[in-house]
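Scroll down for the structure; my scribbles are underneath it.
The values are calculated or read from the model by the stated rules, or taken from the named source; none is laboratory data. Note that the structure is predicted; figures quoted are calculated from it, not measured. Please note: Cβ atoms are built from the backbone with ideal geometry, for glycine as well, and neighbour counts cover all protein chains shown. For the accessible areas, the whole protein counts, side chains as well, though only heavy atoms, and no ligand, DNA or RNA atoms are used. Shrake-Rupley method; radii C 1.70, N 1.55, O 1.52, S 1.80 Å.
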Amino acid sequence: MLEGKGEMNGRIAAILVSDFNIGPLAGFLSNAQEAQIDSFVAPFGQVYQTLIDRSHECWQRNVDAAIVWTRPEAVVGEFRKVLQFEAADAEQAIAEVDRFTQAIQSLTDRVATILVPNWVVPAELVGYGMLDMRIGLGIRGLLSKINLRLMENLQSTPGVYVLDTNRWLHESKQAFNAKMWYLAKVAFDNSVFKNAARDIGATFASIQRGAKKIIVVDLDDTLWGGIVGDVGWRDLCLGGHDPIGEAFVDFQRALKSFTNRGILLGIVSKNDEQLALQAIEKHPEMILRPDDFAGWRINWDDKAQNLSDLMTELNLGLDSAVFLDDNPVERQRVRDALPDVLVPEMPNEKMLYPQTIMGLTCFSSPTVTKEDLSRTEMYRVQRARESSKKSVGSIDQWLVTLETKVVVQPMNDANCERASQLLAKTNQMNLTTRRLSESELSQWVSQQGHEFWTFRVSDRFGDSGLTGIASLEVDGNTARIVDFILSCRVMGRKIEEVMVHVLVEHARSLGLSEIIATYIPTDRNKPCLEFWKKSKFDCREPDTTFSWSLRNPYPAPECIDVTYE
């Protein structure tokens, strides 16, 4: 189930709504490797009836997601005209798109996720030739206009995502099969449906489990050509006028581009660390420098163990990692030892490396926030914090030197998206691991007796952003902690104690008698249990329920400056 509709790791029930025979897609979705999908097809051709009629038989079952895939001529009457080379009214076409998107938006209270492939026409359709992109005349000119309107109308609707159908077509040798259309009203070749099922599965997997967060790369013959220990950093194959050297530079550019969207980079390599870092720092053609990497393990130890240790250091789960290595033996070693890590096949031809990395679908994310985009910088700053830690005696002394500040805010329109993202993605410091979409979270907060706060953390090294959320539900004289979530980036720095202090003080201000935290265990949130065991709350039920008498205040850590907004 998706986004608060049930268990995030369960099977997904998806309805397929279309004006053509979409049965082949249902078949491919049932075999999707990325997610477990049970799909069923709405009655053929009944697009508007299915979308608008809440009493339709399709909605008598539990549905998590809808895939609404149509042909433009079936939805926009003016587009049918232009296909016949008749004069079409572009404004009327836009009005028809508006009506269609309103019907799609009416689904948002019935399903959590709606996927809408954009509209396409066969490549073989010449149309007006050189004039076909002209607005007001050409077929593709009007197609571009209505697709843009489709995206504009749906982009701000929570849970609705427009997918790129053209990519599926371009990857297919034969996108349209006229014979199958006339025999069975199947609009596309099976290869298109197969490509669509792959991307749809990746989309659902991203919503359920979150996108991959880090790319970990080998060095020799992966990040550059040659073995640095044999040839030295000056003679590596990288850049210049060599075609393979140019490909390695473009590969590094592609990796660096991922950091601009919030994906981290790491290194796991069997190498001499000093020599390898010298190459990264000094080679004039290197695109990536040490500050581009969140961390590394460069030694002669087992790569699987090194990768596991690096993920522990970065407070990331193994399922958030993608490992790239030119050596098939090392790739298989990591697959066998760490099955949660994604290990793509790397082509033998080095010039295909940039294309390979840019074609991965595992980084698709339903939201992108300011914190995501600055993730690499946050990890660089974290390395500086850890370095400062080594020069200070005790943990408390170190925390004082950090000059940590926490800004507490109630939830509002500006922070709701990031708060819902933390609900969806955070697993370790998470009391109940409940999942809510942005709209569901807003609805919950608006109810009587519900309180919700966000926590922004910064220190002398930099701003970690909105990294914590906590909520309360008042039940008689008792306050129950519903959400208690903190990003792994700031765990163990007494931010947890600040959050508890805020919750307790608010409950005390209401004149309540007791505050309770009920821990719901998962296979990944044990750090949360360990915190509550050390929190000085009374353990009412072992490893489950923790309580605090509101006759007593819960002190905030003296080493942290707390501000309320």
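Summary of computed values
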| quantity | calculated |
| --- | --- |
| Calculated FRET value between residue 539 and residue 562, using beta carbons and R₀ = 22 Å, to 0.05 | 0.25 |
| Separation of the residue 235 and residue 361 label points, Cα + 7 Å toward Cβ, nm | 4.4 |
| Accessible carbon and sulfur surface of the chain relative to its total accessible area, %, 1.4 Å | 49 |
| Accessible area of residue 358 in the full protein assembly, 1.4 Å probe (Å², nearest 10) | 110 |
| Estimated dipole of the chain in Debye, rounded to 20 [Cβ of Lys and Arg +1, of Asp and Glu -1, Cα centre] | 480 |
| Residue 562 long-range amide H proximity, modeled H, under 5 Å | 406 |
| The stretch 106-122 - phi-based ³J(HN,Hα) in whole Hz, Karplus 6.51/-1.76/1.60, Gly and Pro as x | 5, 7, 5, 8, 10, 9, 7, 9, 10, 10, 10, x, 6, 8, 9, 10, x |
| Gyration tensor (alpha-carbon) shape descriptor, the stretch 174-229, a/c threshold 1.5 | oblate |
| Eligible lysines near residue 145 by straight Cα distance, threshold 25 Å, same-chain separation 8 or greater | 81 |
| Exposure rank, largest accessible area first [133, 429; 1.4 Å] | 133, 429 |
| Solvent-accessible area per residue for the chain (1.4 angstrom probe, square angstrom) | 45 |
| For the stretch 456-466, Karplus couplings with θ = phi - 60° (6.51, -1.76, 1.60), whole Hz, Gly/Pro x | 9, 10, 9, 8, 5, 8, x, 9, 7, x, 6 |
| With DNA, RNA and ligands ignored, accessible area of residue 275 (1.4 Å probe; Å², nearest 10) | 50 |
| Long-range tail of P(r) for the stretch 285-339 (Cα pairs > 13 Å, %) | 64 |
| Spatially proximal lysines relative to residue 194 (Cα-Cα < 17 Å; intrachain offsets below 8 disregarded) | 173 |
| Residue-by-residue Karplus 3J(HN,Hα) for the stretch 60-65, coefficients 6.51, -1.76, 1.60, Hz, glycine and proline x | 7, 10, 6, 10, 8, 9 |
| Alpha-carbon Rg/Rh ratio, for the chain, with Rh computed the Kirkwood way | 1.01 |
| Distance violations [Cα-Cα > 19 Å] among 212/270; 425/526; 213/533 | 212/270; 213/533 |
| Volume of the Cα convex hull of the stretch 475-538, divided per residue and given in Å³ | 89 |
| Helical contribution to [θ] at 222 nm, DSSP H n ≥ 4, -39,500 (n - 2.57), averaged over the chain, rounded to 500 | -11000 deg cm²/dmol |
| DSSP bridge pairs, the chain: antiparallel proportion in percent, nearest 5 | 45 |
| Volume per residue that the Cα convex hull of the stretch 422-565 spans, once the total is divided by residue count, Å³ | 115 |
| Contact order relative to length of the chain, as percent, for alpha carbon pairs under 8 angstrom and 6 or more apart | 10 |
| Residues whose placed amide H lies under 5 Å from that of residue 297, excluding near-sequence neighbours | 267, 268, 269 |
| Sequence of 161, 353 from largest to smallest accessible area, 1.4 Å probe | 161, 353 |
| Listed residues 539, 362 arranged by accessible area, highest first, probe 1.4 Å | 539, 362 |
| Enclosed volume per residue, in Å³, of the convex hull spanned by Cα atoms of the stretch 1-103 | 120 |
| Exposure of residue 450 as accessible area (Å², to 10), given a probe of 1.4 Å and all protein chains | 20 |
| Amide proton proximity set for residue 114, modelled H, under 5 Å, gap of 5+ | 66, 160, 161 |
| Cα pair count fraction exceeding 22 Å, expressed as % - the stretch 134-214 | 47 |
